[in-house]
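Below is one structure; the comments refer to it alone.
The values are calculated or read from the model by the stated rules, or taken from the named source; none is laboratory data. It should be emphasised that the depicted structure is a prediction, and the values quoted were computed from it without experimental measurement. Every residue, glycine as well, gets a Cβ built from its backbone with ideal geometry; the counts of neighbours run over all protein chains shown.
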Amino acid sequence: MRSCCGCPVASGIFRNTVRYCSPSHGGWGIVRTAMLVPECHQLFVSPFACGRHGALGAFVQGFKDRLSYLYIDEADIVSGGYEELIPQAVDRLLERLVKEPRALMIVVSCLDDLLCTDHEAFLAVIRERHPGLRVGVGHMNPISLDGNVPPAVNIQRSMYGLLKRPDEPAIPGTAAFYGNNVPLDEKGEIFEVLRTSGFHDVRHISGCSDFDDFDELSRMSLNLVPTPTGRLAAKDAEKALGIDSEYVPVSYDFDEIEECYGRLLSRSGRSMDLGDYRREAQRSLDETANRLDGLPVVVDASATVRPFCLARTLLMNGFKVDTVYAQKCIPLDRPYLEWISEKFPDTEVLQPEHHRSPIAREAESFRLAVGFEGAYLSGARYVANVANDETLYGYHGVSKLAAMMARAVERPTDLRALLDDYGIVV
Amino acid sequence: MRKIAIYGKGGIGKSTTTSNLSAALSSMGYRVMQIGCDPKSDSTTGLNGGRDVPTVLDALRNNPEGVTLEDIVVQGAGGVLCVEAGGPTPGIGCAGRGIITAFEKLEELDAYEIYRPDIVLYDVLGDVVCGGFAMPIRGGYARDVFIVTSGEKMALFAANNIATALSNFKSRGYARLSGLILNSRNIEKEVEMVEDLAGRIGTSVVEVLSRSPVVQRAEDGNGTVVGLFPDSPMAKEYVSLAEKVLERSVDDA
């Protein structure tokens with residue numbers, strides 16, 4: 001396996017270098033993710049430059065009226081006085097908002113990591129002054145990107161941290177998904193598996209019409225976590241709300257999918273024949289592989305949290321995956337990376353944020369890219385419109401992805417239009 | 001679990017007192033963890049035969065993603081679990097942030113749940129000058145603070161500052177001031193001066209530690225008084241201090 005650094009897998013493909021940020025880089029971001037909480041206003045506290053990206057994103061994504069800023073300066077920071085400014089800003093904000101929010105997310109920047117701000121201290125003041133308001137703290141702190149609790153993970157904790165332990169018991173037969181910002185496709189077999197397991201009412205935060213609806217997530221019988229991003233939030237909910245959780249990571253490996261469903265079904269002691277779904281996924285892969293007829297494929301981590309798992313499935317089924325773009329490899333995906341390095345040593349693994357990426361970028365190539373950033377960097381003529389595994393899960397997810405890949409090669413893709421449509425703001 | 005922070009002016013003898021306190025508590029059968037929160041990283045050398053304990057920040061520098069508890073927790077004399085937060089390169093970086101990072105790493109690695117110490121002692125450099133140095137007294141960390149002081153003006157001044165910080169943070173549920181430890185310098189009217197300060201800040205003197213040459217001899221021997229000279233009067237003073245610290249601290253277990 002070749003890599004951007006020319007180093008073998010064992011000595012580490014993934015290097016920390018000066019980071020390059022391509023025009024296709026980005027995703028949901030902290031502000032957009034936290035906007036999933038209905039009737040929640042965000043107060044962003046930071047020096048003004050730190051607010052630029054979120055402000056532009058909110059404008060593009062249509063959340064401008066739910067986002068406010070408290071800009072702080074050097075004097076506020078070094079004196080520690082800005083902790084006092086926050087409750088004052090909340091008072092003023094609540095006076096001015098036409099519709100009083102049910103919840104407030106105070107989003108702080110890397111500064112707070114450096115200053116060790118005691119958030120609980122100012123939250124206590126705000127809660128006392130505004131007892132009806134649910135208030136929490138979110139972190140827009142890229143300083144933690146390489147740590148164990150990066151911003152995308154932390155914001156999930158902050159969002160679900162707004163839930164309170166309910167007085168009423170859990171609602172039987174209910175489950176909620178944590179961590180995936182877009183709900184899974186309801187045509188997926190996972191919903192049948194869940195029904196068979198006794199879960200007839202399966203919810204997602206995006207389906208909550210108002211804060212009361214969101215609040216009811218505190219009464220679920222089970223939380224399902226299809227992406228690593230939601231794991232800590234679900235663990236918090238186990239402790240704070242007493243809701244059991246099941247980690248069911250998205251996968252493109254048939255055996256792993258089967259094992260995941262097995263665990264879900266074992267909760268109820270029931271079984272289910274998933275053969276038809278598996279065969280359909282296989283048929284879709286075969287059909288698309290035939291359709292592509294050896295067209296090189298680029299798999300990119302902006303499309304899936306499991307790029308190596310997906311690449312392996314494609315390679316095993318006759319696709320010619322020539323490049324995988326991934327800044328790092330999560331532990332769950334490591335065995336798939338190792339498998340690829342052993343069986344397909346010519347498949348390149350490139351880091352999209354590597355400083356050489358803009359130099360190595362191809363303006364145009366006759367390839368199909370699965371993922372936006374890989375599309376930009378490889379210049380792929382065709383792009384499958386997939387981001388963050390959205391809507392994809394299980395055998396149905398494999399079938400759907402294969403169909404999207406087949407559709408993508410029907411005509412050259414306008415990548416800029418795809419990026420705009422997805423709401424990416426650099 | 002008792003979580004206790006030892007504060008005081010730099011050079012007043014916090015690390016010596018804390019290490020002897022750890023050794024005394026350990027000799028009483030308690031499982032003790034001592035966490036040095038000083039960029040000099042010398043809090044626990046007396047419990048480790050004069051050897052440096054690898055610091056959390058150094059471990060993070062060397063292996064950012066793969067730090068394990070075995071890398072940063074060293075079992076010292078009497079089984080005391082020794083941790084040094086460490087600090088930045090002198091002259092650059094931020095020592096306060098270093099403490100925060102070290103604490104976060106210990107939590108992330110479940111240090112307290114895995115080692116389950118009966119007593120955690122935080123040995124904290126100097127004054128509560130910023131958020132990082134206040135970290136040990138925040139919710140979830142130390143519940144009780146003892147301040148080491150002598151009768152010297154600067155030591156009393158620092159003790160007063162620390163007490164003021166604790167008082168300011170009272171409404172936040174931070175640690176409480178549980179007493180002063182007088183580490184004698186044998187200056188005139190020393191006990192009276194320290195007792196006077198104690199009265200003004202609403203606390204009392206827990207123990208008066210004598211100025212004894214055996215302390216220096218123990219340091220020269222790369223050990224603690226309690227470990228090397230257990231029958232000395234000074235060792236008995238440390239044991240007495242340990243008993244009083246136990247009486248005055250909260251067991252959150």
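Observations on the model:
- Test set (1) surrounded by fewer than 19 Cβ atoms within 10 Å (Cβ to Cβ); (2) not in a helix (DSSP H, G or I) - B:Gly223 fails condition number: (1)
- Filter result (at pLDDT below 95, part of a helix (DSSP H, G or I) and either acidic (Asp, Glu) or surrounded by fewer than 18 Cβ atoms within 10 Å (Cβ to Cβ) (or both)) within segment A:393-417: A:Arg416, A:Ala417
- Every residue from segment A:315-333 that is within 28 Å of A:Asn181 (Cα to Cα), touching a residue at least 24 places away in the same chain (Cβ under 8 Å) and not small (Gly, Ala, Ser): A:Val321, A:Thr323, A:Val324, A:Tyr325, A:Gln327, A:Lys328, A:Cys329, A:Ile330, A:Leu332, A:Asp333
- Hits in segment A:170-186 - residues which are within 18 Å of A:Met404 (Cβ to Cβ) and touching a helix residue (DSSP H, G or I) at 6+ places or on another chain (Cβ under 6 Å): A:Pro183
- 2 or more residues at pLDDT 90 or above and either surrounded by 15 or more Cβ atoms within 10 Å (Cβ to Cβ) or more than 14 Å from every other protein chain (Cβ to nearest Cβ) (or both): qualifying helices (runs of 4 or more DSSP H) within segment A:54-138: A:82-96, A:119-129
- Every residue from segment B:201-220 that is free of Cβ contacts under 8 Å to residues at least 24 places away in the same chain and surrounded by fewer than 15 Cβ atoms within 10 Å (Cβ to Cβ): B:Pro213, B:Gln216, B:Asp220
- The set of residues from segment B:12-39 being in contact with a helix residue (DSSP H, G or I) (Cβ under 9 Å, 6 or more places away or on another chain), assigned to a loop (DSSP other than H, G, I, E, B) and farther than 19 Å from B:Lys105 by Cα comprises B:Ile12, B:Gly13, B:Met28, B:Tyr30, B:Arg31.
- Of all the numbered requirements in (1) closer than 25 Å to A:Cys116 by Cα; (2) surrounded by fewer than 23 Cβ atoms within 10 Å (Cβ to Cβ); (3) over 14 Å from the mean Cα position of the chain (by Cα), B:Ser27 misses one, and that requirement is (1).
- None of A:Tyr261, A:Tyr277 is in a helix (DSSP H, G or I) and touching a His at 6+ places or on another chain (Cβ under 7 Å) except A:Tyr277.
- In segment A:275-288, the residues that are of a type outside the set (S, T, N, Q) and crowded, with 20+ Cβ neighbours inside 10 Å: A:Tyr277, A:Ala281, A:Leu285
- Test: residue in segment A:153-165 that is more than 14 Å from every other protein chain (Cβ to nearest Cβ), out of contact with any Gly (no Cβ under 9 Å at 6 or more places or on another chain), over 30 Å from B:Lys170 (Cβ atoms) and charged (D, E, K, R): no
- For segment A:195-231, a residue qualifies if it is part of a helix (DSSP H, G or I) and closer than 20 Å to A:Arg270 by Cβ, and the qualifying residues are A:Arg195, A:Thr196.
- Out of B:Gly151, B:Gly126, B:Gly131, sole residue that is within 26 Å of B:Arg172 (Cβ to Cβ) and either within 14 Å of another protein chain (Cβ to nearest Cβ) or at pLDDT 95 or above (or both): B:Gly131
- Test: residue in segment A:174-193 that is more than 26 Å from A:Gly423 (Cα to Cα), touching a residue at least 24 places away in the same chain (Cβ under 8 Å) and outside any helix (DSSP H, G or I): yes
- Selection of segment A:139-170 for residues being loosely packed, with under 15 Cβ neighbours inside 10 Å and modelled with pLDDT of 90 or more yields A:Lys164, A:Arg165, A:Asp167, A:Glu168, A:Pro169.
- Residue match in segment B:73-92 (condition: within 12 Å of chain A (Cβ to nearest Cβ), in contact with a Gly (Cβ under 9 Å, 6 or more places away or on another chain) and within 27 Å of A:Cys110 (Cβ to Cβ)): no
- The residue list A:Phe211, A:Phe177 contains one member that is over 21 Å from A:Val386 (Cβ atoms) and not small (Gly, Ala, Ser), which is A:Phe211.
- Flag if A:Leu401 is under 27 Å from A:Asp185 (Cα atoms) and touching a residue at least 24 places away in the same chain (Cβ under 8 Å): yes
- Scoring A:Gly318 on the criteria (1) part of a helix (DSSP H, G or I); (2) more than 27 Å from the chain's Cα centre (by Cα); (3) modelled with pLDDT of 95 or more leaves a single failure, condition (1).
To keep it simple, each residue is scored yes or no on (1) surrounded by fewer than 17 Cβ atoms within 10 Å (Cβ to Cβ); (2) not basic (Lys, Arg).
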site: A:Asn290; (1), (2): yes, yes
site: A:Arg306; (1), (2): no, no
site: A:Leu314; (1), (2): no, yes
site: A:Arg334; (1), (2): yes, no
site: A:Leu337; (1), (2): no, yes
site: A:Leu350; (1), (2): no, yes
site: A:His354; (1), (2): no, yes
site: A:Ala363; (1), (2): yes, yes
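- Test result for A:Pro150, within 14 Å of another protein chain (Cβ to nearest Cβ) and of a type outside the set (Val, Ile, Thr): yes
- Candidate set from segment B:42-70 (those that are acidic (Asp, Glu) and under 23 Å from B:Lys3 (Cβ atoms)); member that is nearest to the other protein chains (Cβ to nearest Cβ): B:Glu70
- Filtered by the rule that a residue be in contact (Cβ under 8 Å) with a residue 60 or more places away in the chain, part of a helix (DSSP H, G or I) and of a type in the set (A, V, I, L, M), segment A:282-313 gives A:Leu285, A:Leu292, A:Leu310.
- Filtered by the rule that a residue be of a type in the set (S, T, N, Q) and either over 23 Å from B:Val205 (Cβ atoms) or in a loop (DSSP other than H, G, I, E, B) (or both), segment B:226-253 gives B:Ser232, B:Ser249.
- So B:Ser171, is it out of contact with any Asp or Glu (no Cβ under 7 Å at 6 or more places or on another chain), surrounded by fewer than 22 Cβ atoms within 10 Å (Cβ to Cβ), assigned to a helix (DSSP H, G or I) and within 14 Å of chain A (Cβ to nearest Cβ): yes
Quick grid of which residues meet (1) farther than 22 Å from A:Glu84 by Cα; (2) of a type in the set (A, V, I, L, M):
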residue	(1), (2)
B:Gly140	yes, no
B:Thr149	yes, no
B:Met154	yes, yes
B:Ala158	yes, yes
B:Ile162	no, yes
B:Leu166	no, yes
B:Phe169	no, no
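- Residues of segment A:338-392 satisfying the condition of being over 22 Å from A:Asn16 (Cα atoms) and in a strand (DSSP E or B): A:Ser365, A:Phe366, A:Arg367, A:Leu368, A:Ala369, A:Val370, A:Ala380, A:Arg381, A:Tyr382, A:Val383, A:Ala384
- Residue within segment B:175-184 that is within 14 Å of another protein chain (Cβ to nearest Cβ), in contact (Cβ under 8 Å) with a residue 12 or more places away in the chain and either within 29 Å of B:Phe103 (Cβ to Cβ) or not in a helix (DSSP H, G or I) (or both) present: yes
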